[in-house]
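Here's the structure, in structure tokens; my notes come after.
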Amino acid sequence: MQLGRILRILRTSKGMTQEELAEKTGLHRTYIGVVERGEKNITIINCMKIAHVLGSDLASILHEVETVLIPSSTSSVLTPSPLLEQNS
């Protein structure tokens, strides 16, 4: 799971469409889509904009990426982290 997929999970957990997120962040809807699909890298500034609109912060989102990419030996990748649970 990469950053884009985590952003998609957070966005959909808020009941927000790509169009709504794009409007609230000032980014283009197609940009949101390609970032969520992992087809384009996102800048830190744009990630901060998205995190803010989704009620999170960059540090929490990056921690989520780290947690998913480097899971502990006792946890499962399928186990939701606190960030994803809190935003459900």
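Rule-based calculations on the coordinates, nothing more; no lab input. Values in this document were obtained by computation on a predicted structure and should not be read as measured data. Methodologically, a virtual Cβ is constructed for each residue, glycine included, from the backbone with ideal geometry; neighbour enumeration extends over all protein chains shown.
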**OP:** Check the straight Cα-Cα distances from residue 40 and name the lysines below 19 Å, setting aside those fewer than 8 residues away within the same chain.
**Re:** 49
**OP:** Using θ = phi - 60° and the Karplus relation 6.51 cos²θ - 1.76 cosθ + 1.60, list the HN-Hα couplings for segment 14-29 in order, rounded to whole Hz, with x at every Gly or Pro.
**Re:** 8, x, 9, 7, 4, 4, 5, 5, 4, 4, 6, 9, x, 9, 7, 4
Subject >> Rel. contact order, % - alpha carbon contacts under 8 angstrom, at least six apart, segment 3-71 >> reply: 37 percent
Original post:
HN-Hα J couplings of segment 40-53 from phi, Karplus 6.51/-1.76/1.60, θ = phi - 60°, integer Hz, Gly and Pro as x?
Top reply: 9, 6, 9, 7, 4, 4, 5, 5, 5, 4, 5, 4, 4, 5
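Given +1 on the Cβ of Lys and Arg, -1 on the Cβ of Asp and Glu, and no further charges, what dipole in debye does segment 3-71 carry about its Cα centre, rounded to the nearest 20? Walk me through the numbers before you get to the answer.
Details: 9 positive and 8 negative charges, 27 e Å.
Charge dipole of segment 3-71: 120 debye, to the nearest 20.
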